[in-house]
1. Search segment 1-34 for residues being aliphatic (A, V, I, L, M) and closer than 18 Å to residue 57 by Cβ, and hand back the single one that is modelled with the lowest pLDDT.
2. Is there any pair with a first residue in segment 48-63 that is under 15 Å from residue 30 (Cβ atoms) and a second that is loosely packed, with under 13 Cβ neighbours inside 10 Å and at pLDDT 90 or above whose Cβ atoms are under 8 Å apart and which are 6 or more apart or on different chains, and what are they?
3. Please indicate, with yes or no, whether at least one residue in segment 36-44 is surrounded by 13 or more Cβ atoms within 10 Å (Cβ to Cβ), in contact with a helix residue (DSSP H, G or I) (Cβ under 7 Å, 6 or more places away or on another chain) and modelled with pLDDT of 90 or more.
Amino acid sequence: MKLQTLFTVLLTSTLTAACSSEQLYATGRNAQRSECIKLPDTQERDRCLKDADLSYDMYQREVEGVSK
């Protein structure tokens, strides 16, 4: 739940600074990486970091695929 709250705060503060959606995405992923590093279980941490490394382009493709 902490990660979601942190992401929401970062997203809100970044939106007020008028950043691009790609910059917003990068900010959220950086916050996710920071949380992943704190995980004690190696496999869980590696899985989390892999998810956090999803590129913006791949994210956009996934979003477009879901919305169709």
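1. Initially, segment 1-34 is screened for residues aliphatic (A, V, I, L, M), giving 1, 3, 6, 9-11, 15, 17-18, 24, 26, 31.
Now restrict to residues that are closer than 18 Å to residue 57 by Cβ: 24, 26.
Working: 24: 86, 26: 91.
Here the answer is 24.
2. Cβ pairs passing all conditions: 49/37.
3. From segment 36-44, those surrounded by 13 or more Cβ atoms within 10 Å (Cβ to Cβ) are 36, 39; that's our starting set.
Filter once more, so that each one left must be in contact with a helix residue (DSSP H, G or I) (Cβ under 7 Å, 6 or more places away or on another chain): 36, 39.
So of that shortlist, the ones also modelled with pLDDT of 90 or more come out as 36, 39.
Scanning segment 36-44 turns up at least one residue that is surrounded by 13 or more Cβ atoms within 10 Å (Cβ to Cβ), in contact with a helix residue (DSSP H, G or I) (Cβ under 7 Å, 6 or more places away or on another chain) and modelled with pLDDT of 90 or more.
The values are calculated or read from the model by the stated rules, or taken from the named source; none is laboratory data. What you see is a predicted model, and the numbers here were worked out from it, not measured in a lab. Note that each Cβ is placed from the backbone with ideal geometry, even for glycine, and that neighbours are counted across all protein chains shown.
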